[in-house]
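What follows is calculated from the coordinates using simple rules that are stated; it is not laboratory data. Model, not experiment: these values are computed from the prediction. All Cβ positions, glycine included, derive from the backbone under ideal geometry; neighbour counts span all protein chains shown.
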Amino acid sequence: MWSSLITPTFLFLSFFSVELAPNPESATDENDSYPPFWDQINGDIAEFPVQNNKTIIDPSKYIDRLKMYKILIKKSNKYFAGFGNNKTDNVLWALTLYYGKLYETDRFSEPPNSSVCAYDAGAPGCISINSGWGGINFYVIVLYFLAAIESEFLKDLPYQVVLVSREEYRSDFCYSIAECRASYPQAMDAVNRFYQYLLSREITFIIRDVPHYNIDEDTVILYMWEAHQAGIDIGTSKFSDVFGYQAYSGMEGELESAFREDLVKNWSFYSSETERDFSLDFLVTIEFLEAALYRPYFESSAEILVGFPHRLLTDQDRIVLTSNFSIREKALLTLVKLTSEINKLTGGAFFTIWNKVMNLKPARSVARFLLKRLLLIPIS
C-alpha cells in the first residue's frame, strides 16, 4: 500500500529542491572540508603516548579520535587506489568528515552549557561525556578501531592499545576488544566483515607502481555502511531519550514532578528537544542513504555536510529558523525532518519498501541521483 507514496513523495521533494536558489556563501573548497587539525597529525600509532609498554588513547579528546580515523584511512588507502585520484575515494571519508563537522559545530560540547568542550580553532579540545552526538560517535570510531586490531587489519602494533575509560556513565561504553565483543558481538562481527573483505582482496594489476585490488565497489560500500550502522544503533539506543515533552501533558502534582525529573535525567545528552529530534531525523535519513549505497567518498560527503547546521539547534528553531542559517542548511533541515516524518507516518514501511527496492542495482543508481538532488542544492 505504502509503495504508492514513494514516487509522489520524492517528486514533491524534487520540485521543492529545485525552487531553492544556490547559496554562494556556502561554497567551500577541499581544504575547508577536512576536519579541524587534520594537517597537524600524521595518522601514526606512534603519535599516542606510551605508558608501561601500552599505547594510551583517550577517546574523550577530539584529537585522539581524529588520530584513530586518520590511521584507518592511511592504512586502507591502498585498497581504493583504483577508485580515483589523490586518495579521496576511500570509503571511510564519510565517517571522518562527519566527525570533524560534529566537533566544528559544537555538537561534542556539554549540554546545556555549550561553552564546555566547545570548538576551539586554536587548539583541539574535549568531547563531553554527556554529549549525545559524542556518545553515538564513540561507538562508531571505537568499534571500527578495535575491530581493525581484532581482525589484524592493524597488525604489528608495537604495544597493546588501551583506551582511557571514564567513570561517568561507565556502563554506557566499552573500552576494549573483550568488552565490546562481550556486549556487542554482532556489531563487532559487522565491522570485522568490512576489514576481512579488504584483507581478502588481491592485486589484479599495477599502474605506475600503484597496485590495484579486485574490490567490488558496491560490496565494500555495503560492508562499510553496515559497520557504521551497527555502531549508530548501539549509540542511539543509549543516547537518545526515552521520554518526550508532550508525554507529561495533563499530569499534576508529584506525578508531574517525578516525570520531569526523569525527563531531565534522560535529556542530559542533548541541549534541546529540537537538537535531539534533528539528531535522530538526520540519522534516519542516513539510513536511506546507506540503503542506496550512497558513495561515501570525500567529495560526495563534503557536499552533504555543507548543509549541516552550523550550530546547535534551540527550541526556538522549531518555530522558525533564524536568518543566519544558509539556504543549504534550511534545505537539509527540512528534508531530513520530512523524510523522518513520512517514515513515522507509515510505521516504518517507507524505509522497509525503500530498502527492498534498493536490492536492485538500477534502482540504487536512480535513488542516489534523487537523494543527491534532494539533499544538495547546487552551490556553483
List, in order, the whole-Hz ³J(HN,Hα) value for each residue of the range 103-110 obtained from phi through the Karplus relation with A = 6.51, B = -1.76, C = 1.60 and θ = phi - 60°; use x for Gly and Pro. 5, 5, 9, 6, 8, 9, 7, 7
Order of 297-304, 205-212, 225-232 by packing, highest average Cβ count within 10 Å first? 225-232, 297-304, 205-212
Residues whose placed amide H lies under 5 Å from that of Val116, excluding near-sequence neighbours: Glu110
Using each residue's phi in the range 306-319, evaluate 6.51 cos²θ - 1.76 cosθ + 1.60 at θ = phi - 60° and report the 3J(HN,Hα) Karplus result to the nearest Hz, with x for Gly and Pro. 4, x, 5, x, 6, 8, 4, 7, 9, 5, 5, 5, 5, 7
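For the pairs Lys78/Lys356; Lys54/Lys74; Lys155/Lys361, note any where the Cα-Cα span goes beyond 29 Å.
Cα-Cα > 29 Å for Lys78/Lys356; Lys155/Lys361; rest within.
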Run the reach check for Lys330 against lysines, Cα to Cα strictly under 16 Å, same-chain hits fewer than 8 apart removed. What comes back? Lys372
Between beta-carbons, use under 13 Å as the cut-off and find the net charge around Ile129, counting Lys and Arg +1, Asp and Glu -1. -1
State, as an integer percentage, the relative contact order of the range 34-239 based on alpha-carbon contacts under 8 Å between residues 6 or more apart. 23 percent
How would you rank 63-69, 192-198, 46-52, highest first, on the average number of other Cβ atoms within 10 Å across their residues? 63-69, 192-198, 46-52
